[in-house]
Amino acid sequence: MVTWLLLLLIAGPILFGFGILLAPTREVRVGLTLVAAGVTAAAALYLSRWGPAYGGIFVPSHALPILLDWLMIAAVIAIGWTSRNTPVLIMGVVQACIGLVLEFHPRAPQAMPQPEFVFDQLSLMLVLITSVVGALVLVYAIGYMDRHEHHGPHSQASQGQFFFFLTAFLGAMNGLVLANDLRWLSAFWEATTLCSFFLIGHDRTPEANQSARRAIIINVFGGMILQTGWLISVLNGSGDSLIAFNQAQALIPVAFLVVAALTKSAQLPFQSWLLGAMLAPTPVSALLHSSTMVNAGVYLVMRMAPGFGGTRLATVIAMAGAFTFMAASALAVGQSNGKKVLAYSTIANLGLIITCAGMSTPLGYAAAFLLIVFHAITKGLLFICMGTIEQAIGSRDIEDMHGLMNKMPFTTVIAIVGMIAMLMPPFGVLLGKWIAIESAVHLPVVMLLVIIGSALTVVFWAKWLGRIVTVSYHQKYVMEDLPPVMSGSMLTLGVATLLSGFLAYPLFENFIKPLARVLYPLSSRTDASWKMLEMTESFMTWPIYALAILLVGSLLLTLMAVDENRLRKPFLCGENIADSALTYEFRSIMDRGEVAMMRSYYFSSIFGEENVSAWANPMAVALILSLFGVIAI
Amino acid sequence: MSTMNQLLIALFAVVLAPAVGALLQGIDRRINARMQSRVGPPLLQPVYDVLKLLGKEGVILNRTQVLYAWIHLAFLMLATVLLVLGQDMIMALLVVAVSTIALILGGMCVRSPYSRIGSSREIMQMLSYEPILVLLVIGIFMTNGSFMARDITLAGKPLLLTLPLIFLAFLLVTAIKLKKSPFDLATSHHGHQEIVKGITIEYAGPYLAILEVAHWYETALVFLVLAAFWATNWVVGIALAIIAFVIEILFDNLCARLTYQWMLVHMWTVGLGLSVTNLIWLYWK
């Protein structure tokens, strides 16, 4: 049963994708998309019944993944050729050469047969994220793309093609997180790269083409590194299986795979493709570039984490992640473009996940797991809110979101929920940061970077929140007009985010801790990290829940107690103009009307992209080089 | 500890903390007055102020404003309870941070440029002191081997002896937290600043009273942390905290308000530098 469900989750979306591509009318296409979303989400939720079942799944055929691999390499070369993209063409050819060696090099006999797919708690959780969050974004995209077709550039590709890649992507991502054999993994890895390339280039404007070009160069480079790591492992006789790496502590292939993971997760210095990808229609940003595809990188690091625990490699990986967390948070402080803030925040959070997984202690692993789940849900939500806001106000600038509550209260409230979930207890992201700081205590540099990064994240979220919570007196709410597919998926994700805040602790106790116990063998239980993990049981949760109840109570009481007659206009150091539409207009010298406005601080001279990148990118390159340094020496 | 006991202690702390805070502010005002050759108000003046505020008409700009004031107070109460019950100190820090964010949003949810300036400065203050506070907790961990507040005396010797530089850095944080010059940027106790009540400018009557009570909690928390630097003997600890308070008041009278850029740069160089240096000692031990 599990095997069939997994097959449905991988092949189902791809087949539906072909159906959508060939759909003759819009109605058929929308219907098929809804069915694909429903089937994928339902299958994933049904699959979670087998949560604790840990096991490998054997697929007798080796021909199929190799065929898929060659198909992907051919597609990369074709793209490189037709779009005159020399780097991609060269890297495609290199991949083909590596593929040929891999094809014919004899494998050393393995002590145990290695499964092609592995189904455990980690892959189950990622399948759930991809399928459920992905399905909701897919539904949202139906509404979004109709509006985009009206207002977007005329050069854009057909909606059929767009939904084909968006739907098929879900299958490829599910395959990626389940695959254990590198033949399958590398095929799905390239498939996500290709989906991302076509979706970023969807608008076919010069900027979109430029961004898509950059994305494919960096991601094909990552794929090439992945294949190099695979090649080294085959030549060393470590074989084609990921879990075998962990048992054998094969550090050299692991280091290559980690660098591939850094490109996919857009860690510094590879961040530029994710920023460019923000030009794509928002469902693409929400699905690929915040909640799923970028998770492929951090997933790979988490998958291999138990294998490199306790080595110097672990320390350098944690340091690279922590550095990205700090630098990307600093970059986010300097941005007033909302989508870019979200993008940098995504890069920062992925960096934090890599830090936690890189430390490879039970507590760090648990923190990484917690972050990966909550970040995916919350960031998916924030991106689709951002897309809705952008379509309504025609701007991505945070300063233009002043008074958003009047124009679109529904979206604004849901966006506020998302931002609070990124920032406040009892939501998972903050819990993750907390555990991250405590588990990094034995790596002072990593800890310092995480602390500085955390302080910077508060700055940009507080600025943004402060902008959108602004409401005037005698508030007149005008409910925005959204198609049900958009408002429905926003509401579902919003409610899921709220609920997840209260589920964070049970999830940690009942799901993540048992997994950490399985992955980290008994021998290491004497170390400090285990003690800290076990100590989390003594935390009292009742104060948090008691306070949540108190908060809701005081909210209701204050809202009822406030009297309309006691509402006043703000103090502006001058007489407020009584009949002005703007409550912040006052009489200045010579009775002139003057508007009092205050922009937030952005410090673009310190935190601007050029300034930060100038020192952050070389540092990141140095960190990646030292990743290889510690395994070579 | 049974749940019943914990609840009783929590209740006791929630009542006692503002009383201590109010008394400290009363003493603060008296000492301040003496430094300026004035007699100063009665010791319980902060309480009288709040009682008077409670009797006034609650004038506001919008409904959400009141909510943020409540959240600010509620999370400070939670932090007090967490610390008194000996819970994780990083968690307590994050809870205090949330309460400050609520205050910031309270200043930003209205269309007043002055309260928005106050809020923006409060964000910069958070950015300045938050890393130092986390490093303080890390320093305590390096001394005691535990993040729990109940293990504060585990090492058997006063924290001041292992964390002298972090104590100095914490004095800087104390100045920000108690709204003392040169760091009274977001809101001030003095009438001569360029923006006096910045972040709280649009709060009045009972809603301002909520913020005043919250500040009592904050004052008590700061006092508790200062005293914890000599937790092996609480009498010495309290004496230490009182000395620190007097130093803060002295500097409040000596300095003028400086800009937030100056604060940010100096907190990140001097404050953070002191903390990191202290931590290096501990890691090398």
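The values are calculated or read from the model by the stated rules, or taken from the named source; none is laboratory data. Remember, it's a predicted structure, so these values are computed and weren't measured experimentally. For neighbour counting, all protein chains shown are included, and Cβ atoms are generated from backbone atoms with ideal geometry for every residue, glycine included.
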The residue that is nearest to the chain's Cα centre (by Cα), considering only those in the range A:173-196 that are modelled with pLDDT of 90 or more and of a type in the set (Phe, Trp, Tyr), is A:Trp189
Among residues of the range A:567-614 being β-branched (Val, Ile, Thr), modelled with pLDDT of 75 or more and surrounded by 16 or more Cβ atoms within 10 Å (Cβ to Cβ), the residue farthest from A:Ser345 (Cα to Cα) is A:Ile577
The helices (runs of 4 or more DSSP H) lying wholly within the range B:33-150 that contain at least 2 residues that are within 11 Å of chain A (Cβ to nearest Cβ) and either surrounded by 20 or more Cβ atoms within 10 Å (Cβ to Cβ) or among the aromatic types (Phe, Trp, Tyr) (or both) are B:64-84, B:89-108, B:113-144
Scanning the range A:457-507 residue by residue, the ones that are at the interface with chain B (Cβ under 7 Å from one of its Cβ atoms), in contact (Cβ under 8 Å) with a residue 40 or more places away in the chain and either touching a Ser or Thr at 6+ places or on another chain (Cβ under 8 Å) or not in a loop (DSSP other than H, G, I, E, B) (or both) total 8
Those helices (runs of 4 or more DSSP H) completely within the range B:184-285 that have 2 or more residues that are of a type in the set (A, V, I, L, M, F, W, C) and closer than 19 Å to B:Pro164 by Cα are B:205-228, B:234-254, B:272-284
Filter pass, A:Ala37 being closer than 30 Å to A:Leu507 by Cβ and either among the aliphatic types (A, V, I, L, M) or exposed (fewer than 15 other Cβ atoms within 10 Å of the Cβ) (or both): yes
Checking A:Gly418, A:Gly403 in turn, the sole residue that is of a type in the set (Gly, Ala, Ser) and at pLDDT 90 or above turns out to be A:Gly418
Of (1) modelled with pLDDT under 85; (2) part of a helix (DSSP H, G or I), A:Met447 satisfies every one except (1)
Only one of A:Glu534, A:Glu564 is within 14 Å of chain B (Cβ to nearest Cβ), at pLDDT below 75 and surrounded by fewer than 13 Cβ atoms within 10 Å (Cβ to Cβ), namely A:Glu564
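Is it true that some residue in the range A:418-441 is within 29 Å of A:Ala366 (Cβ to Cβ), among the β-branched types (Val, Ile, Thr) and away from every other protein chain (no Cβ under 12 Å)?
The answer is no, given that none of the residues of the range A:418-441 is within 29 Å of A:Ala366 (Cβ to Cβ), among the β-branched types (Val, Ile, Thr) and away from every other protein chain (no Cβ under 12 Å).
So which helices (runs of 4 or more DSSP H) stay within the range A:59-141 end to end and still have 2 or more residues that are under 30 Å from A:Thr411 (Cα atoms)?
A:121-128
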Of the residues in the range B:234-275, those that are under 25 Å from B:Lys157 (Cα atoms), aromatic (Phe, Trp, Tyr) and surrounded by fewer than 20 Cβ atoms within 10 Å (Cβ to Cβ) come to B:Trp234
